[in-house]
Amino acid sequence: MNSEKRTEILEIKNRFPDSYIKDEEFRGDISITVKKNKISEILKFLKDDENFHYNYLVDITCVDYLKLNEIERFAIVYNLYSHKNNSRIRIKTPVPENDTSISTVSFLWKAANWLEREVFDLFGINFIGHPDLRRIMTPDNYTGHPLRKDYPLKGRGEREKFKVVK
Amino acid sequence: MGIETLIKNNVLVTTVDAVVNWARKNSLWPMPMGTACCAIEFMGALASRYDMGRFGAERLSFSPRQADLMIVAGRVAIKMMPVIIRIWEEMPEPKWCIAMGACASSGGVFDTYTLVQGIDQFIPVDVYVPGCPPRPEGVLDALIKIQRLVEQDSIIKRK
Ligand code: SF4
């Protein structure tokens, strides 16, 4: 295996030295962990750069590391794909429990609109600047964010309180 | 020469109820409310091997206004329940309802935060079909039970 870092990692290290936290490579797939303050600039760079051209947003999701001693409790994960180079990259960004806000990327990819709504609905992450941050999976008047690991399986009475209003 | 010799065997005397119910029970138009995996098994019940058409119920009605039998096949989330209630209310009387599978009947294994624990909390269910998913024979049996219910109906007074 070559021990050289992929150019994506080096470029992000160079251009965003304050944001870079760490990188991992597993069987040719790279993931880079960055701080959340410049996340939209970093993704914009990966998208618009002539060489990388990560033009396709595969997914935005979130991980809740409740008791796993990670950097912060949550991590937002962006999976990108480049049609030009046929390559994939994963950008992770830790989000602390007491400040669950992060800049939106819906102005870069329209697909991000609903993906961010999903993360907001199920994890309660607040995407600053999102044009329409409503719940998408659970009913509009639902309370709570069910995919958080400390959310009880049977809910907090939402199911029982649910009444159909005619 | 009485009237019987004139009309011979060409006339049957019966009640309106019996004729109407006979027609209704042999031409049930189900509204397939397939919300999950049970709907796949429901297709099996409809297809040629089990063939719900033998009981006159092969004509699925995707417009609730033309349906008289709702088959809720699958689990129902609390977000979906208002939709199902609305469709149920759009169906004209007389109407019947089958809760197909463990999920529609009781929530099944999904004792979770948004799942309706049995649709009978919200709409009246006539026949429950157990199983996960029920065998097509179970669905056919439920259909026959619905036919027995239809037979007892009256056009003057609903039972
Ligand atoms: S009863 Fe089983 S097959 Fe039917 S919807 Fe529920 S999980 Fe799926």
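Here A:60, A:39 are screened, and the one residue that is in contact (Cβ under 8 Å) with a residue 60 or more places away in the chain and within 24 Å of residue A:147 (Cβ to Cβ) is A:39. Per the conditions (1) closer than 27 Å to residue A:137 by Cα; (2) more than 10 Å from the ligand (Cβ to nearest atom); (3) open to solvent by 10 Å² or more (accessible area, probe 1.4 Å); (4) in contact (Cβ under 8 Å) with a residue 12 or more places away in the chain, the sole criterion not satisfied by residue B:141 is (1). Scan the stretch A:96-107 for residues that are exposed (fewer than 14 other Cβ atoms within 10 Å of the Cβ) and either assigned to a helix (DSSP H, G or I) or not hydroxyl-bearing (Ser, Thr, Tyr) (or both) and jot them down. Passing the criteria: A:96, A:97, A:98, A:99. Residues that are open to solvent by less than 30 Å² (accessible area, probe 1.4 Å) and within 8 Å of chain B (Cβ to nearest Cβ) within the stretch A:147-161 comprise A:151, A:155, A:158, listed in sequence order. In the set (1) touching a residue at least 24 places away in the same chain (Cβ under 8 Å); (2) within 16 Å of the ligand (Cβ to nearest atom), the condition left unmet by residue B:90 is number (2). Within the stretch B:39-54, the set of residues being among the aliphatic types (A, V, I, L, M) and more than 16 Å from the ligand (Cβ to nearest atom) comprises B:47, B:52. Considering the stretch A:108-146, the residues that are touching a residue at least 60 places away in the same chain (Cβ under 8 Å) and in a loop (DSSP other than H, G, I, E, B) include one that is surrounded by the most Cβ atoms within 10 Å (Cβ to Cβ), namely A:125. Residues in the stretch B:76-95 that are more than 14 Å from every other protein chain (Cβ to nearest Cβ) and either under 29 Å from residue A:148 (Cα atoms) or open to solvent by 10 Å² or more (accessible area, probe 1.4 Å) (or both): B:92, B:93, B:94, B:95. Within the stretch B:115-138, the set of residues being within 12 Å of the ligand (Cβ to nearest atom), within 14 Å of the chain's Cα centre (by Cα) and open to solvent by 50 Å² or more (accessible area, probe 1.4 Å) comprises just one member, B:128. Report, by residue number, each residue of the stretch B:60-75 that is of a type outside the set (Val, Ile, Thr) and either assigned to a strand (DSSP E or B) or surrounded by 13 or more Cβ atoms within 10 Å (Cβ to Cβ) (or both). Result: B:60, B:61, B:64, B:67, B:68, B:69, B:70, B:73, B:74, B:75. Restricting the stretch B:96-114 to residues that are facing chain A (nearest Cβ under 10 Å), of a type in the set (Ser, Thr, Tyr) and surrounded by 18 or more Cβ atoms within 10 Å (Cβ to Cβ) leaves a set whose member that is nearest to the ligand (Cβ to nearest atom) is B:114. The residues listed here are B:57, B:36; of these, the one that is within 16 Å of the ligand (Cβ to nearest atom) and part of a loop (DSSP other than H, G, I, E, B) is B:36. So which residues in the stretch A:1-44 are of a type in the set (Phe, Trp, Tyr), surrounded by 17 or more Cβ atoms within 10 Å (Cβ to Cβ) and not in a loop (DSSP other than H, G, I, E, B)? Result: A:20, single match.
The values are calculated or read from the model by the stated rules, or taken from the named source; none is laboratory data. Just so it is clear, the model here is predicted, and its values are computed rather than measured. Positions of Cβ are generated from backbone atoms using ideal geometry, with glycine treated the same way; all protein chains shown enter the neighbour counts. To get the accessible areas, we keep the full protein, side chains included, count just its heavy atoms, and leave off ligands, DNA and RNA. Shrake-Rupley method; radii C 1.70, N 1.55, O 1.52, S 1.80 Å.
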